[in-house]
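The values are calculated or read from the model by the stated rules, or taken from the named source; none is laboratory data. Predicted model only: the values in this text are computed from it and were never measured. Cβ placement follows ideal geometry from the backbone for every residue including glycine, while neighbour counts extend to all protein chains displayed.
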Amino acid sequence: MQFSVYQQSQIGGRKVNQDRMGYSYTRDALLLVLADGMGGHARGEVAATLALQTMSALFRAQAAPYVKKPERFLQEAFEAAHDAIRRYTRERALPESPRTTIVACLVQHNCAVWAHCGDSRLYWLRRGQILARTRDHSHLEHLIAKGQAHESERNTHPDRNKLYNCLGASMPPRVELSRQSSLEPGDVLLLCSDGLWGVLPDSEIVHQLSTHTIVQAVPDMIAMATAIAGSRADNTTALAIQWQGAGATLDAGDASIVSTQMLTEGEVTTRLSGADSDTDPFDEDDIEKAIAEINQAIEKSSQLLK
């Protein structure tokens, strides 16, 4: 399995970067995750961090070396992340639960399946065309579906930031899952926060990803979005891969290319990012405790399924 990968995040005009992103891979599976902590609620960066840590821990536990039921994995991982955020709220007696949007994609056996809650997006591109894009869980998308707003208003409508689905709210998340989609070499998968897509139209995103490598396109798009938004720029984050194929051989000339063929069956590599380490709300003890709790929940669930 071989793919190019690049991720970057900018704080924009905000005091705190509440976006988190990362990826994990084994010999035969790749998990991409991006979470955008909701700024209208306290500690959005905590919710986003918990979501990524939970997804990563579950992937490490279940990808051996691939996930047996990818759709169920994404559904249960989102629910586990939501539960972890709510547990964090209860343990600290917070007056309000931290919240985050999230989008994740699992790639294995030359196929991709993705899920999302909120307005963090996934784009799937092939030869300059968008084959699929997630639909935001927002009041605006509801209005567009009912014919009460036009698609051209997606970046300007006053209700574009009103979301009805996320992790951490009092109501359980409604996880929207895609169908499994067959990838071809050269396909691009982009996960991004609304700090990017809310400023750059889809046509510009397609142009950048179709005419440049992802190593060039991702930082260029983030720089463009933050420059256009200026002092009002939101946290702007993107994670992209260009798929090379399950049977591709290593290209040693490109440092952005990851080849998993040399990994052992139990080996998992993880790259989580999105904020400076000195502002991350979790230390190593917090992370290990969270992972231990998640693994205990997995073990109990597995026993019930036997």
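Is it the case that HIS157 is in a loop (DSSP other than H, G, I, E, B) and not aromatic (Phe, Trp, Tyr)? In short, yes. Among the criteria (1) in contact with a Phe, Trp or Tyr (Cβ under 9 Å, 6 or more places away or on another chain); (2) surrounded by fewer than 17 Cβ atoms within 10 Å (Cβ to Cβ); (3) touching a residue at least 60 places away in the same chain (Cβ under 8 Å), the one VAL175 does not fulfil is (2). Note on the stretch 88-116: residues that are touching a residue at least 40 places away in the same chain (Cβ under 8 Å) and under 14 Å from VAL46 (Cα atoms) amount to 10.
Do we have any residue at all in the stretch 264-274 that's surrounded by fewer than 17 Cβ atoms within 10 Å (Cβ to Cβ), at pLDDT 90 or above, on the phi < 0 side of the Ramachandran plot and not charged (D, E, K, R)? Yes, the stretch 264-274 contains at least one residue that is surrounded by fewer than 17 Cβ atoms within 10 Å (Cβ to Cβ), at pLDDT 90 or above, on the phi < 0 side of the Ramachandran plot and not charged (D, E, K, R).
Would you confirm whether any residue within the stretch 69-79 is buried (at least 24 other Cβ atoms within 10 Å of the Cβ), among the polar types (S, T, N, Q) and on the phi < 0 side of the Ramachandran plot? No, there is no match, as no residue in the stretch 69-79 is buried (at least 24 other Cβ atoms within 10 Å of the Cβ), among the polar types (S, T, N, Q) and on the phi < 0 side of the Ramachandran plot. Between a residue in the stretch 123-144 that is within 11 Å of LEU209 (Cα to Cα) and any residue that is aromatic (Phe, Trp, Tyr), which pairs come within a Cβ distance under 9 Å, given they are 6 or more apart or on different chains? What qualifies is TYR123/TRP197; TRP124/TRP114; ILE130/TYR123; ILE130/TRP124.
Taking the criterion of being surrounded by 10 or more Cβ atoms within 10 Å (Cβ to Cβ) and within 22 Å of GLU204 (Cα to Cα), the residues of the stretch 143-162 that qualify are ILE144, HIS150, SER152, GLU153, ARG154, ASN155, HIS157, ARG160, ASN161. Of all residues in the stretch 90-122, those that are touching a Ser or Thr at 6+ places or on another chain (Cβ under 8 Å), of a type in the set (Ser, Thr, Tyr) and at pLDDT 95 or above total 2.
Under the condition of being in a helix (DSSP H, G or I) and surrounded by 15 or more Cβ atoms within 10 Å (Cβ to Cβ), the residues counted in the stretch 80-97 number 9.
Among the residues of the stretch 178-201, some residue qualifies, meaning at least one is touching a residue at least 12 places away in the same chain (Cβ under 8 Å), buried (at least 17 other Cβ atoms within 10 Å of the Cβ) and of a type in the set (Asp, Glu). Taken together, the residues in the stretch 17-42 that are more than 19 Å from LEU167 (Cα to Cα) and either surrounded by fewer than 22 Cβ atoms within 10 Å (Cβ to Cβ) or touching a Cys at 6+ places or on another chain (Cβ under 6 Å) (or both) amount to 2.
Within the stretch 163-172, the set of residues being without any contact (Cβ under 8 Å) to a residue 40 or more places away in the chain and surrounded by 13 or more Cβ atoms within 10 Å (Cβ to Cβ) comprises just one member, TYR164. More than 26 Å from GLN242 (Cα to Cα) and touching a residue at least 24 places away in the same chain (Cβ under 8 Å): does that describe LEU31? Here the answer is no, as LEU31 does not meet what is asked.
On inspection, ALA57 fails the criterion of being over 12 Å from LEU167 (Cα atoms), outside any helix (DSSP H, G or I), out of contact with any Leu (no Cβ under 9 Å at 6 or more places or on another chain) and aliphatic (A, V, I, L, M).
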